[in-house]
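The values are calculated or read from the model by the stated rules, or taken from the named source; none is laboratory data. A quick note: this is a predicted structure, and the numbers were derived from the prediction, not measured. Glycine gets a Cβ as well: all are built from the backbone with ideal geometry, and neighbour counts include every protein chain shown.
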Amino acid sequence: MRNKVLLIAVLTAWNVPALAYADGGTVRASEVRDGRRITVFTSPTFLRAGPLDVSVLVQDAASGKPLLDLPIVVTAYPILDPRRKISAPATTDAATNKLLHAAQLNLPEDGTWRIEVVVKGLEQEPAIGFDVDVAPPPPPWLGMSLWIGWPLLAIGVFACHQWLVHKRRPFSR
């Protein structure tokens with residue numbers, strides 16, 4: 001039983017959330033505009049240069065019912081150089097959660113970035129914007145650490161098993 005608990009603890013501790021992308025994530029902005037609540041999420045939680053998932057949930061403010069037929073555009077640019085814009089449409093096709101619209105952006109460098117979301121079809125279309133701090137990209141070995149770590153994990157589990165088995169046997173000459 002202790003072996004199973006140890007194995008579960010090790011596997012749980014070996015969590016690399018920055019490598020997992022999904023709809024949702026950290027809520028960055030939520031506003032009511034023209035009777036609609038617009039909530040913007042980013043993933044991963046800790047932003048680094050590289051891939052960024054921006055998900056948008058548009059709901060009727062009164063009923064909370066999701067509105068899926070509105071075109072949405074997500075734009076990002078560095079605060080120090082607004083001319084270098086990166087844009088992508090947010091669609092339900094790109095989202096795994098079909099209640100959200102998702103756009104994938106690739107931020108090429110670290111620094112402070114401005115992210116703006118424009119929901120078309122509203123009477124007024126000012127962008128919902130917020131600033132995010134983006135860290136430098138992760139070191140290249142981090143992406144391979146899971147592959148390198150699996151054999152080490154197997155060796156560790158085997159060593160723990162052998163130690164426990166040896167500990168239970170009575171000493172004989």
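Points worth noting:
- Filtered residue count, the stretch 67-102, keeping only those that are more than 17 Å from residue 42 (Cα to Cα) and aromatic (Phe, Trp, Tyr): 0
- Cβ separations smaller than 6 Å between residues 6+ apart or across chains give no pair from the stretch 131-156 residues that are farther than 26 Å from residue 27 by Cα and of a type in the set (Gly, Ala, Ser) to residues that are modelled with pLDDT of 85 or more and assigned to a helix (DSSP H, G or I).
- One residue from 132, 117 being within 17 Å of the chain's Cα centre (by Cα) and surrounded by 13 or more Cβ atoms within 10 Å (Cβ to Cβ): 132
- Residue in the stretch 143-163 that is over 23 Å from residue 59 (Cα atoms) and in a strand (DSSP E or B) present: no
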